[in-house]
Amino acid sequence: MATPEMRAVYAETLIELAEKNPDIVILEADLMKATGTGVFKEKFPDRAINVGVAESNMLSVAGGLSAEGKIPFAATFGCFAARRALDQFFISCAYAKLNVKLVGTDPGVSAAFNGGTHMPFEDLAIMRAVPQIDIVEPSDPVSLKALVKKLAERKNSAYLRLHRKALEPIYDASEQFEIGKAKLLKNGNDICIVALGGLMVRESLRAHAMLAEFGIDAAVVDALSLKPFDRETIALAMQGKKLVVTAENHQINGALGSAVAEIIAEQGGPRLVRVGINDEFGEVGTEAYLLERFKLRGEDIVQRIREVLKK
């Protein structure tokens with residue numbers, strides 16, 4: 001059986017929610033095909049709104065719908081969600097204490113052939129500065145389904161960073177998830193790798209296997225949520241380690257690397273190495289090429305770790 005695309009899981013989960021809750025609605029900025037929500041529109045034509053290429057207006061409309069008791073999931077490419085529509089999300093949704101779920105698709109290098117203009121390496125840093133919202137990045141179909149349902153239950157605005165393409169399951173279907181709770185995927189005594197998002201969790205698990213060949217025992221944590229951030233689980237996983245490594249499909253400043261650095265600065269901890277985009281813009285290429293180009297692969301994580309441990 002083929003692994004479903006993440007966008008298909010997202011759309012199917014919204015349909016499941018909408019069948020039970022008439023307040024679930026979706027908004028799209030002329031990207032329904034890209035987001036995969038055409039199936040939702042077919043089933044609930046009166047609850048699917050295409051605002052056209054007008055992302056800022058989409059968030060204002062979403063705020064109005066939320067003020068009337070609806071639970072809007074408003075989706076567009078992550079670059080537009082975090083940059084073009086930020087003011088409307090900040091003021092009309094979060095500041096107004098409304099219940100709008102903003103979905104940013106194609107995060108980081110997964111934007112691939114859309115290139116640097118559409119490649120959000122900064123969206124999490126931007127959104128992390130918005131007060132009182134949730135920020136989640138599921139790592140597989142199981143976590144996506146569960147976290148979309150959890151977001152729908154919560155009465156605040158949120159940013160869902162959604163990988164559109166297929167990702168092989170990491171978790172068993174019975175796994176339970178909570179907003180703001182990380183998952184320890186691998187135990188290890190020497191170092192700790194904290195990863196966020198489907199691509200980097202997988203590269204971190206690859207790094208775990210490669211490090212074992214060098215006699216390095218690595219723990220791997222799937223952060224899942226950037227806000228609230230599971231400081232307790234991550235601080236415990238780092239305890240007694242020689243090194244902690246963050247791995248993110250994002251700039252190394254402002255998101256996961258910064259969140260872990262804050263724990264170390266405030267509570268103490270091992271030396272930190274941040275793997276991610278180092279103050280660069282994106283470019284056109286395949287996902288595989290871009291992972292190599294920006295040194296995000298498991299091999300690159302291993303190389304950074306070995307270099308630091310040698311010192």
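The values are calculated or read from the model by the stated rules, or taken from the named source; none is laboratory data. Given the structure is predicted, the values throughout are model-derived calculations rather than measurements. Glycine gets a Cβ as well: all are built from the backbone with ideal geometry, and neighbour counts include every protein chain shown.
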> Does the stretch 99-119 hold any residues that are among the β-branched types (V, I, T), within 18 Å of E137 (Cβ to Cβ) and part of a helix (DSSP H, G or I), and which are they?
Replying inline: V109
> Any residue in the stretch 228-244 that is part of a helix (DSSP H, G or I), among the polar types (S, T, N, Q) and in contact (Cβ under 8 Å) with a residue 40 or more places away in the chain?
Replying inline: yes
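Taking the residues in the stretch 222-252 that are among the acidic types (D, E) and crowded, with 20+ Cβ neighbours inside 10 Å as candidates, determine which candidate is farthest from the chain's Cα centre (by Cα). Before the answer, list the steps.
In the first step, residues of the stretch 222-252 are kept if they are among the acidic types (D, E); the result is 222, 230, 232, 248.
Keeping just the survivors that are crowded, with 20+ Cβ neighbours inside 10 Å gives 222, 230, 248.
Working: D222: 11, D230: 14, E248: 9 Å.
Only one residue tops the list, namely D230.
Scan the stretch 153-176 residue by residue and report those that are out of contact with any Asp or Glu (no Cβ under 9 Å at 6 or more places or on another chain), in contact (Cβ under 8 Å) with a residue 24 or more places away in the chain and more than 14 Å from V201 (Cβ to Cβ).
Kept after step one, since they are out of contact with any Asp or Glu (no Cβ under 9 Å at 6 or more places or on another chain), are these residues of the stretch 153-176: 153, 155, 172-176.
Now drop any that are not in contact (Cβ under 8 Å) with a residue 24 or more places away in the chain, which leaves 155, 172-173, 175-176.
Correct list: K155, D172, A173, Q176.
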> Is there any pair with a first residue in the stretch 288-302 that is over 15 Å from L196 (Cβ atoms) and a second that is buried (at least 21 other Cβ atoms within 10 Å of the Cβ) and among the hydroxyl-bearing types (S, T, Y) whose Cβ atoms are under 9 Å apart and which are 6 or more apart or on different chains, and what are they?
Replying inline: L290/S110; G298/S204
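Restrict the check to the stretch 35-44 and report whether at least one residue is surrounded by fewer than 16 Cβ atoms within 10 Å (Cβ to Cβ), over 25 Å from the mean Cα position of the chain (by Cα) and either of a type in the set (F, W, Y) or farther than 15 Å from T105 by Cβ (or both).
Step one: of the stretch 35-44, the residues surrounded by fewer than 16 Cβ atoms within 10 Å (Cβ to Cβ) are 38-39, 42-43.
Those left that are additionally over 25 Å from the mean Cα position of the chain (by Cα): 42-43.
Filter once more, keeping what is either of a type in the set (F, W, Y) or farther than 15 Å from T105 by Cβ (or both): 42-43.
Checked against the condition, which is being surrounded by fewer than 16 Cβ atoms within 10 Å (Cβ to Cβ), over 25 Å from the mean Cα position of the chain (by Cα) and either of a type in the set (F, W, Y) or farther than 15 Å from T105 by Cβ (or both), the stretch 35-44 yields at least one hit.
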>> Please count how many residues of the stretch 1-58 are farther than 21 Å from P138 by Cα and aromatic (F, W, Y).
In response: 1
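In the stretch 151-163, is there at least one residue being over 17 Å from the mean Cα position of the chain (by Cα), within 26 Å of R297 (Cα to Cα) and surrounded by fewer than 19 Cβ atoms within 10 Å (Cβ to Cβ)? Even if it seems obvious, please write down each step before you answer.
Step one: filter the stretch 151-163 for residues over 17 Å from the mean Cα position of the chain (by Cα), giving 153-156.
Now narrow it down to the ones that are within 26 Å of R297 (Cα to Cα): none.
No: the stretch 151-163 contains no residue that is over 17 Å from the mean Cα position of the chain (by Cα), within 26 Å of R297 (Cα to Cα) and surrounded by fewer than 19 Cβ atoms within 10 Å (Cβ to Cβ).
Count, please, the residues in the stretch 279-296 that happen to be charged (D, E, K, R), in contact with a helix residue (DSSP H, G or I) (Cβ under 6 Å, 6 or more places away or on another chain) and either crowded, with 18+ Cβ neighbours inside 10 Å or not in a loop (DSSP other than H, G, I, E, B) (or both).
If we filter the stretch 279-296 for residues that are charged (D, E, K, R), which is where we start, we get 279-280, 283, 287, 292-293, 295.
Retained after the next criterion (residues that are in contact with a helix residue (DSSP H, G or I) (Cβ under 6 Å, 6 or more places away or on another chain)): 283, 287.
If we keep only those that are either crowded, with 18+ Cβ neighbours inside 10 Å or not in a loop (DSSP other than H, G, I, E, B) (or both) as well, we get 287.
Qualifying residue count for the region: 1.
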> Since A247 meets every condition but one in (1) out of contact with any Asp or Glu (no Cβ under 9 Å at 6 or more places or on another chain); (2) assigned to a strand (DSSP E or B), which condition does it not meet?
Replying inline: (1)
>> Given the criterion touching a Ser or Thr at 6+ places or on another chain (Cβ under 7 Å) and surrounded by 13 or more Cβ atoms within 10 Å (Cβ to Cβ), identify the matching residue among V275, V302, V308.
In response: V275
> If you scan the stretch 173-189, which residues turn out to be part of a loop (DSSP other than H, G, I, E, B) and over 21 Å from L151 (Cβ atoms)?
Replying inline: N187, G188, N189
> Has the stretch 196-212 got at least one residue that is assigned by TED's automatic domain parsing to the domain that holds Q303, more than 18 Å from R297 (Cα to Cα), touching a residue at least 24 places away in the same chain (Cβ under 8 Å) and not in a strand (DSSP E or B)?
Replying inline: no
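Suppose we filter D106, D123, D140, D134 for residues that are at positive phi, at pLDDT 95 or above and of a type in the set (D, E); which single one remains?
On the way: D123 fails: at positive phi; D140 fails: at positive phi; D134 fails: at positive phi.
Of D106, D123, D140, D134, the one residue that is at positive phi, at pLDDT 95 or above and of a type in the set (D, E) is D106.
Tell me yes or no: at least one residue of the stretch 259-272 is part of a helix (DSSP H, G or I), outside the structural domain of D134 (by TED's automatic domain parsing), surrounded by 19 or more Cβ atoms within 10 Å (Cβ to Cβ) and over 19 Å from the mean Cα position of the chain (by Cα). First the steps, then the outcome.
Taking the stretch 259-272 as the starting set, the residues that turn out to be part of a helix (DSSP H, G or I) are 259-267.
Okay, now just the ones that are also outside the structural domain of D134 (by TED's automatic domain parsing), so 259-267.
Cutting the leftovers down to surrounded by 19 or more Cβ atoms within 10 Å (Cβ to Cβ) gives us 259-260, 263.
Then keep just the ones that are over 19 Å from the mean Cα position of the chain (by Cα); that gives 263.
Scanning the stretch 259-272 turns up at least one residue that is part of a helix (DSSP H, G or I), outside the structural domain of D134 (by TED's automatic domain parsing), surrounded by 19 or more Cβ atoms within 10 Å (Cβ to Cβ) and over 19 Å from the mean Cα position of the chain (by Cα).
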> Is it fair to say V142 is surrounded by 23 or more Cβ atoms within 10 Å (Cβ to Cβ) and either more than 23 Å from M32 (Cβ to Cβ) or β-branched (V, I, T) (or both)?
Replying inline: no
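When the stretch 82-93 is examined, which residues are found to be touching a strand residue (DSSP E or B) at 6+ places or on another chain (Cβ under 9 Å) and closer than 13 Å to S157 by Cα? It would help to see each step written out before you state the result.
From the stretch 82-93, those touching a strand residue (DSSP E or B) at 6+ places or on another chain (Cβ under 9 Å) are 82, 84-85, 89, 93; that's our starting set.
Passing the criteria: F89, C93.
From G215, G198, grab the single residue that is modelled with pLDDT of 95 or more, among the small types (G, A, S) and under 16 Å from I135 (Cβ atoms).
Values: G215 fails: under 16 Å from I135 (Cβ atoms).
Being modelled with pLDDT of 95 or more, among the small types (G, A, S) and under 16 Å from I135 (Cβ atoms) holds for just one of G215, G198, which is G198.
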